[in-house]
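The values are calculated or read from the model by the stated rules, or taken from the named source; none is laboratory data. Here the structure is a predicted model, which means the values were calculated and not measured. Here the Cβ positions follow ideal geometry from the backbone for every residue, glycine too, while neighbour counts run over all protein chains shown. When the accessible area is computed, the model is the full protein with side chains, heavy atoms only, and any ligands, DNA or RNA have been set aside. Shrake-Rupley method; radii C 1.70, N 1.55, O 1.52, S 1.80 Å.
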Amino acid sequence: MQKIRNVAIIAHVDHGKTTLVDKMLLAGNLFRENQNAGELILDNNDLERERGITILSKNVSIKYKDYKINIIDTPGHADFGGEVERVLNMADGCLLLVDAFEGPMPQTRFVLQKAIQMGLKPVVVVNKVDKPNCRPEEVNEMVFDLMCNLDATEDQLDFPTIYGSAKQNWMSTSWQKPTTDITAVLDAIIKYIPEPKVIEGDPQMLITSLDYSNYVGRIAVGRVHRGTIREGMDVGLVKKDGTVVRQRIKELHTFEGMARKKVHEVSSGDLCAIVGLDDFEIGDTITLYDNPESLPRIAIDEPTMSMTFTINDSPFFGQDGKYVTTRHIADRLIRELDKNLALRVGRTEKEDSWIVYGRGVLHLSILIETMRREGYELQVGQPQVIIKEIDGVKCEPVELLSINVPEEYSSKIIDMVTRRRGEMVSMTTQNDRIHIEFNIPSRGIIGLRGNVLTGSAGEAIMSHRFLEYQPWKGDIERRTNGSLIAMENGTAYAYALDKLQDRGRFFIFPQEEVYAGQIVGENAKEGDIVVNVTKSKKLTNTRASGSDDKARIIPPIVFSLEEALEYIKEDEYVEVTPHNIRLRKIILDETERKRANRS
């Protein structure tokens, strides 16, 4: 009998998954001493903490009543679906965490669907029951309906439900009876989630995740499927094309708390990390070299979006970045491929640019943001969807978009989405809010979030997930306003900006350095205009009464990285450096641009 439980945690963004895992770690008496109040243990990367989302799945384990519970944290965002599928391979059951007010959301559905297809047994946790206007019983019914829709088996539908609030640190079998700790969840895991089956025989393990260490290089993480793996053992690595490579295991580690512990052997059913393998990929099988038997490989969803990455060749290159050359960026992208499964990198005709394929704008912008923080300078083109030919028909990716919005804004939002070729699928009322679902081409989602938030006074909750490829839906109107382009290099003066304010809205502050061809604002009409923002006031001694008022400047628009990527047009780049995000035309010289437009 193995006292091990392997559990994956599934939840929509911001439903409290990471908080719950942290409380479970505390219940397992780990990190009691140095835990800062309110600091998350799991989301330990700066980007994850700032955005409040989980990007990389992590493994932790808890000791409870002589049982070892391996918890596998999964990202809730559909853009990181590449992470989800392989992570679920390591689990025997899942904890489905749902917000007591919002209920199951589209991305909960995305991960849950994968879990149910793999036959995992769910335990449902209805979290945040301390919220006003929560509706725990209704939400429990909604989860049941969702599982029916996903073709769950009788056994899966007979799931236990635990209610509570992870933030207040209590869980109970009834939401009206608060307790003092969260052991109800741990007891439910031990009671309902099956123990891993021990399979005797030759060792077999599927590599489902990667880790990287500066000292030992790449580390293979996975679950031992059959037999026992020992330190120093000679094994065969079965590759994608079926070839077997002889390798040796240098070290074995199991997970304990947030850390790893070195062990001599790991048996069937437990998770482990292996040091010492060369040149492996996710989906390879570790088995005996003399008698190789491979496990089925993991299929990962294909990328749906691409962007051009190129070196920074603007007049300001190299001013605040450490890594600016072609070689630096190429090496960094290849390193990213080691860890980031749903990413692909291809070359273009030009030597210093690459096409990077990913699952969505968020997926790619997280990569750009990470590179930027590491000191890289680069330029990125407009996100493009990947178009395929299926049976001779031009097809594009279509997503299921769901928007939850107060009633008075619903007609405005529906109009906005249908203009982008969205088709309404369903519309339901929840109290005073309306929940609308659409099928919309991925192209239509680029740049939609900002408009939806503006149109609903910031009230809308919007999320989407990839559905399938469907025939091309026709043209979509994008931003029609032109750009205001700087005429020459220099410093932008308040005097010049003040005189140009009737032309449109600016993106720059007075006293900022600009260069010819940089986009400094948005034209109020169609078409681009070249403006001179570097013109200063002539200091003559003639004065006229009434003409020397102070410049009154409307504050500029400051873009986040995602907003900038969604804003630009085809002939524009976003220039990303560690301290600045600038928009620019691909061709900086005005006469060259006109010539290119004519041809």
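Quick one: in the range 480-498, which of the residues that are more than 15 Å from residue 518 (Cβ to Cβ) and open to solvent by less than 50 Å² (accessible area, probe 1.4 Å) is modelled with the lowest pLDDT?
The residue in question is 481.
Given 468, 512, which one is among the charged types (D, E, K, R) and either surrounded by fewer than 14 Cβ atoms within 10 Å (Cβ to Cβ) or under 30 Å from residue 104 (Cα atoms) (or both)?
Only one candidate passes the filter, namely 468.
Search the range 434-452 for residues being in contact with a helix residue (DSSP H, G or I) (Cβ under 7 Å, 6 or more places away or on another chain) and not β-branched (Val, Ile, Thr), and hand back the single one that is surrounded by the most Cβ atoms within 10 Å (Cβ to Cβ).
438
Being within 19 Å of residue 113 (Cα to Cα), open to solvent by 30 Å² or more (accessible area, probe 1.4 Å) and assigned to a helix (DSSP H, G or I) is the filter here, so list the residues in the range 127-156 that pass it.
Those that are within 19 Å of residue 113 (Cα to Cα), open to solvent by 30 Å² or more (accessible area, probe 1.4 Å) and assigned to a helix (DSSP H, G or I): 140, 141, 142, 144, 145, 148, 149, 154, 155.
Write out, first by first residue and then by second, each pair whose Cβ atoms fall under 6 Å of each other, whose residues are 6+ apart or on separate chains, and whose first residue, in the range 373-402, is closer than 25 Å to residue 312 by Cβ while the second is at pLDDT 90 or above and acidic (Asp, Glu).
379/575
Please work out if residue 109 is of a type in the set (Lys, Arg), more than 20 Å from residue 3 (Cα to Cα) and modelled with pLDDT under 65.
When the stated conditions are applied, residue 109 does not pass them.
Which one of the conditions (1) assigned to a loop (DSSP other than H, G, I, E, B); (2) surrounded by 16 or more Cβ atoms within 10 Å (Cβ to Cβ); (3) among the hydroxyl-bearing types (Ser, Thr, Tyr) does residue 174 fail to meet, given that it meets all the rest?
Single failed check for residue 174: (2).
Looking only at the range 188-195, decide whether some residue is open to solvent by 40 Å² or more (accessible area, probe 1.4 Å), among the charged types (D, E, K, R), under 20 Å from residue 62 (Cα atoms) and in a loop (DSSP other than H, G, I, E, B).
Scanning the range 188-195, I find at least one residue that is open to solvent by 40 Å² or more (accessible area, probe 1.4 Å), among the charged types (D, E, K, R), under 20 Å from residue 62 (Cα atoms) and in a loop (DSSP other than H, G, I, E, B), so the answer is yes.
A quick yes/no check of all residues on (1) under 30 Å from residue 519 (Cα atoms); (2) at pLDDT below 85:
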position: 243; (1), (2): no, no
position: 250; (1), (2): no, no
position: 255; (1), (2): no, yes
position: 278; (1), (2): no, yes
position: 286; (1), (2): no, no
position: 293; (1), (2): no, yes
position: 296; (1), (2): no, yes
position: 304; (1), (2): yes, yes
position: 310; (1), (2): yes, no
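Filter the range 228-269 for residues that are assigned to a loop (DSSP other than H, G, I, E, B), in contact (Cβ under 8 Å) with a residue 12 or more places away in the chain and open to solvent by 20 Å² or more (accessible area, probe 1.4 Å) and give the result.
Once the filter is applied, which keeps residues that are assigned to a loop (DSSP other than H, G, I, E, B), in contact (Cβ under 8 Å) with a residue 12 or more places away in the chain and open to solvent by 20 Å² or more (accessible area, probe 1.4 Å), the range 228-269 yields 231, 232, 233, 239, 240, 242, 250, 258, 264.
Go through (1) open to solvent by 30 Å² or more (accessible area, probe 1.4 Å); (2) among the charged types (D, E, K, R); (3) touching a residue at least 12 places away in the same chain (Cβ under 8 Å) one by one and return the number of the condition residue 522 breaks.
Going through (1) open to solvent by 30 Å² or more (accessible area, probe 1.4 Å); (2) among the charged types (D, E, K, R); (3) touching a residue at least 12 places away in the same chain (Cβ under 8 Å) one by one, residue 522 breaks only (1).
Can you pull out the residues in the range 547-582 that are farther than 22 Å from residue 499 by Cα, of a type in the set (A, V, I, L, M) and either open to solvent by less than 40 Å² (accessible area, probe 1.4 Å) or part of a loop (DSSP other than H, G, I, E, B) (or both)?
Scanning the range 547-582 gives 561, 564, 565, 568, 574, 576.
Check the range 401-422 and report whether any residue there is out of contact with any helix residue (DSSP H, G or I) (no Cβ under 7 Å at 6 or more places or on another chain), within 23 Å of residue 303 (Cα to Cα) and either open to solvent by 20 Å² or more (accessible area, probe 1.4 Å) or not in a helix (DSSP H, G or I) (or both).
no
Six or more apart or on different chains, Cβ atoms under 9 Å: show the pairs whose first residue is in the range 159-172 and closer than 19 Å to residue 193 by Cβ and at pLDDT below 80 and whose second is assigned to a strand (DSSP E or B) and open to solvent by less than 10 Å² (accessible area, probe 1.4 Å).
If the second residue must be assigned to a strand (DSSP E or B) and open to solvent by less than 10 Å² (accessible area, probe 1.4 Å), the pairs left are 166/97; 166/125; 166/127.
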